[in-house]
Amino acid sequence: MSSDKVRGTIRMIDEMGKGASLDEMLKASQPMKSISQLILPHLGDMSYETLGVLAGTSRANVYKLMDGRSHPEQDVLLRIAFTLQMDVEETQQLLKSAHRSQLTATIPRDVCLLYGLLNRLDLMEMDEVLREKGFKPLWPEAKT
């Protein structure tokens, strides 16, 4: 069992011990949302093709992602999150739903990404911060 699951279980047992009702605990343990459930509320009028262009991936890859047929790399998901201006919690859920590592405070690049999410930086601003701090940007570097 992963340490996150253990901590979550311990937290739930603690809440039950403090008198939380079964209904409260069941509500708190809702199943993980799908990738499409996390992305769709942020799309508005944006097409999958536009999302793909803005996030540096293809329309086909966005369709596969939304259909659950693809779990892209962490940086692709992060580009989507920054493009859609997702918050930290939504981004962490997106990464988890795609079976990718969530951002942590123990990895310096992740700290920069968390900073960008918290401060609502757009994708280009985030990449500028990453470059300034000496980290790999989210947007793929052009090959020369």
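Within region 111-129, can you find the residues that are closer than 30 Å to D67 by Cβ and crowded, with 17+ Cβ neighbours inside 10 Å?
Just the residues of region 111-129 that are closer than 30 Å to D67 by Cβ, to begin with: 113-114, 116-117, 120-124, 126-127.
Scanning region 111-129 gives L113, L114, G116, L117, L121, L123, M126, D127.
With respect to the numbered conditions (1) small (G, A, S); (2) loosely packed, with under 14 Cβ neighbours inside 10 Å; (3) at pLDDT below 95, which one is the sole condition not fulfilled by G52?
Only one criterion in (1) small (G, A, S); (2) loosely packed, with under 14 Cβ neighbours inside 10 Å; (3) at pLDDT below 95 is unmet by G52, namely (2).
Every residue in region 101-129 that is of a type outside the set (D, E) and in a loop (DSSP other than H, G, I, E, B), please. Reasoning before the result, please.
In the first step, residues of region 101-129 are kept if they are of a type outside the set (D, E); the result is 101-109, 111-121, 123-124, 126, 129.
The answer is S101, Q102, L103, T104, A105, T106, I107, N119, R120, L121.
Which one is surrounded by the fewest Cβ atoms within 10 Å (Cβ to Cβ), of the residues in region 75-100 that are polar (S, T, N, Q) and assigned to a helix (DSSP H, G or I)?
Looking only at region 75-100, we keep the residues that are polar (S, T, N, Q), and these are 83, 85, 91-93, 97.
From what is left, the residues that are assigned to a helix (DSSP H, G or I) are 83, 91-93, 97.
On the way: T83: 20, T91: 23, Q92: 17, Q93: 19, S97: 19.
Among those residues, the one meeting the criterion is Q92.
Please enumerate the residues belonging to region 38-69 that are outside any loop (DSSP other than H, G, I, E, B) and either of a type in the set (S, T, N, Q) or touching a His at 6+ places or on another chain (Cβ under 7 Å) (or both). Steps first, answer last, please.
Our first condition is that a residue be outside any loop (DSSP other than H, G, I, E, B); within region 38-69, this holds for 38-43, 48-55, 59-66.
Hits for region 38-69 are T50, N61.
For a quick check of your reading of the model, give me the residue pairs whose first member lies in region 30-57 and is at positive phi, whose second is modelled with pLDDT of 90 or more and among the basic types (K, R), with beta-carbon atoms closer than 9 Å and at least 6 apart or on different chains.
Hits for this filter: G56/R79.
The values are calculated or read from the model by the stated rules, or taken from the named source; none is laboratory data. Just so it is clear, the model here is predicted, and its values are computed rather than measured. FYI the Cβ positions are ideal-geometry reconstructions off the backbone, even for glycines, and counts take in every protein chain you see.
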